[in-house]
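Heads up, the thing below is written out as structure tokens.
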Amino acid sequence: MKKTSKLKQLFQTKNLEFLMEAHNGLSAKIVEETGFKGIWASGLAISAAMGVRDNNEASWTQVLDVLEFMSDVTSIPILLDGDTGYGNFNNARRLVRKLEQRQIAGVCIEDKQFPKTNSFINGHTQPLADIEEFCGKIKAMKDTQNDEDFMVVARVEAFITGWGLEEALRRAEAYGQSGADAVLIHSKRADLEEIEAFMKGWNSAVPVVIVPTKYYSVPTKRIKDLGVSVAIWANHNVRASLNAMQSISKQIFDAQNLLEAEGKVASVDEIFRLQGAEELQTAEQKYLPSG
Ligand code: SPV
Ligand code: MG
């Protein structure tokens, strides 16, 4: 099955499905091996791994390069966090073309303005996109895709920016009517209040996606019972890697030797396995001259 069809299926099943964050080829591979059915190519995680801010400091072609590595080593679908689409409708539709060329299954765009700022940094001061302009962007993206199963997810930032439920529903409905395959409703609250209210008011068949980073303590069953289609674990691989790298760097710096460190890190053989080193050895026997 095509990656696009796999992603579409995830969104259309009534069961709550999950996407797990990855930010490079290695983490994407680990997400697939773990058993996840799909990958969230997080803007926060990819920019953090590059050492830059989540403010479109990395260019969209630099993000594409990362995605190409992620896509090449995985068979599960990738949903790109495409920020605001890196410009207007024209930039966003060109992005769709370039994503399809790399077998990326879908893209999520958020209704803010370029350059964006992460939703958890002074969200209430962030300007929203004009609704009509954003709807035009969604339409242009849907009109551009070659593969009918490519997914365009429209992310609603009304709660993040302090506009509230009415605006959130108004925007989500408009985005659904413009052809969005799903809406992502984001909240920075530690409880489920906004998401619950949104789901109660949501009468459309368009699937709903959430990102429970800030309401992590809410039991998954409660989210499932609300009728949410997909939950995104949005940044936990990059955050786990920070802990691991900070702790091992400190340990080696202090000790000035590797005695303690060796037992705390993955073996180099494990890296070779993930890189597929064995396949190359087999291929060398087949293709290199034997003498
Ligand atoms: C991301 O993972 O980059 C997201 C989710 O967009 S959030 O960081 O919550 O905005
Ligand atoms: Mg993001």
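The values are calculated or read from the model by the stated rules, or taken from the named source; none is laboratory data. The structure presented is a predicted model; accordingly, all values stated were derived computationally and were not measured. Quick reminder, even Gly has a Cβ in these numbers, built from the backbone with ideal geometry, and neighbours come from all protein chains shown. The protein model used for the area step is the full one, side chains on, heavy atoms only, and it has no ligands, DNA or RNA in it. Shrake-Rupley method; radii C 1.70, N 1.55, O 1.52, S 1.80 Å.
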| request: Tally the residues that are in a loop (DSSP other than H, G, I, E, B) and open to solvent by 80 Å² or more (accessible area, probe 1.4 Å), restricting the search to segment 88-114. | output: 3
| Of 27, 71, 5, 75, which residue is in contact (Cβ under 8 Å) with a residue 24 or more places away in the chain, surrounded by fewer than 19 Cβ atoms within 10 Å (Cβ to Cβ) and closer than 23 Å to residue 274 by Cα? | 75
| message | Checking residue 48 against (1) buried (at least 20 other Cβ atoms within 10 Å of the Cβ); (2) within 15 Å of residue 236 (Cβ to Cβ); (3) touching a helix residue (DSSP H, G or I) at 6+ places or on another chain (Cβ under 6 Å), only one condition comes out false. Which one? | response | (1)
| task | Sort out which residues of segment 259-280 are surrounded by 11 or more Cβ atoms within 10 Å (Cβ to Cβ) and either over 20 Å from residue 26 (Cα atoms) or more than 31 Å from the chain's Cα centre (by Cα) (or both), and write them in order of number. | result | 260, 261
| task | Would you point out the residue of segment 122-172, among those that are small (Gly, Ala, Ser) and not in a helix (DSSP H, G or I), that is farthest from ligand 2 (Cβ to nearest atom)? | result | 164
| said: Looking only at segment 210-236, filter to residues that are more than 13 Å from ligand 1 (Cβ to nearest atom) and small (Gly, Ala, Ser); which one of those is least open to solvent (accessible area, probe 1.4 Å)? | reply: 229
| said: Here's a check for you: in segment 179-209, which residue that is of a type in the set (D, E, K, R) and under 18 Å from the mean Cα position of the chain (by Cα) is surrounded by the most Cβ atoms within 10 Å (Cβ to Cβ)? | reply: 181
